[in-house]
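Worksheet: the structure to be examined is printed underneath.
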Amino acid sequence: MTEQILVPIDGSDPSTEALAYAMETYPGATITALHVIPVPEGYWAAFGDPEEEIPGYDRAREHAREVLAAARETAEDRGREIETETLTGKPERAIVNHAEEGGFDAVVIASHGRDGISRLLLGSVTETVVRRSPVPVVVVR
């Protein structure tokens, strides 16, 4: 039985649709909406604490709060409650690690999100999550 569902969200319409899909498809499951604040690798990683060093981090944190508040509203509109979490890092890596370490039974993810040029069928984050996830992944198109 699927009891713990992880839904990565970025504030895009496709990620909101993935959240709605998860709530409809898994009515008895605990759903966690996860927003990952992207942190560039390389140069910035050398500074130690990316949360204090990266320009615009405060705005990114505020955006995360707004995205998660909207996710909670979406759940309330459907008569559900969800858990929310924010992580910092490379989104695909953070999602896969959290799915594994958090004891989730499945990941429900949008086929593409807000960022740039998407791949032919899947966004690059989604593609990596599908390939590396230790749990089943449902891709919502």
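The values are calculated or read from the model by the stated rules, or taken from the named source; none is laboratory data. What you are looking at is a predicted structure, and each value in this text was computed from that prediction instead of being measured. FYI the Cβ positions are ideal-geometry reconstructions off the backbone, even for glycines, and counts take in every protein chain you see.
Just give me the residues in segment 8-19 being under 18 Å from GLU81 (Cβ atoms) and either surrounded by fewer than 18 Cβ atoms within 10 Å (Cβ to Cβ) or without any contact (Cβ under 8 Å) to a residue 12 or more places away in the chain (or both), in sequence order.
Scanning segment 8-19 gives no hits.
Exactly one of (1) more than 29 Å from GLU81 (Cβ to Cβ); (2) of a type outside the set (Lys, Arg); (3) at pLDDT 95 or above is unmet by VAL39. Its number?
Answer for VAL39: the failing condition is (3).
Taking the options SER124, SER111, SER133, SER118, name whichever one is hydroxyl-bearing (Ser, Thr, Tyr), in contact with a Ser or Thr (Cβ under 8 Å, 6 or more places away or on another chain) and either closer than 18 Å to ILE37 by Cβ or at pLDDT 95 or above (or both).
SER124
Counting only residues that are under 17 Å from HIS98 (Cβ atoms) and not small (Gly, Ala, Ser), how many does segment 1-21 have?
Matching residues across segment 1-21 total 10.
Based on this model, can you work out whether GLU81 counts as touching a helix residue (DSSP H, G or I) at 6+ places or on another chain (Cβ under 9 Å), at pLDDT 95 or above, surrounded by fewer than 16 Cβ atoms within 10 Å (Cβ to Cβ) and not hydrophobic (A, V, I, L, M, F, W, C)?
It is true that GLU81 is touching a helix residue (DSSP H, G or I) at 6+ places or on another chain (Cβ under 9 Å), at pLDDT 95 or above, surrounded by fewer than 16 Cβ atoms within 10 Å (Cβ to Cβ) and not hydrophobic (A, V, I, L, M, F, W, C).
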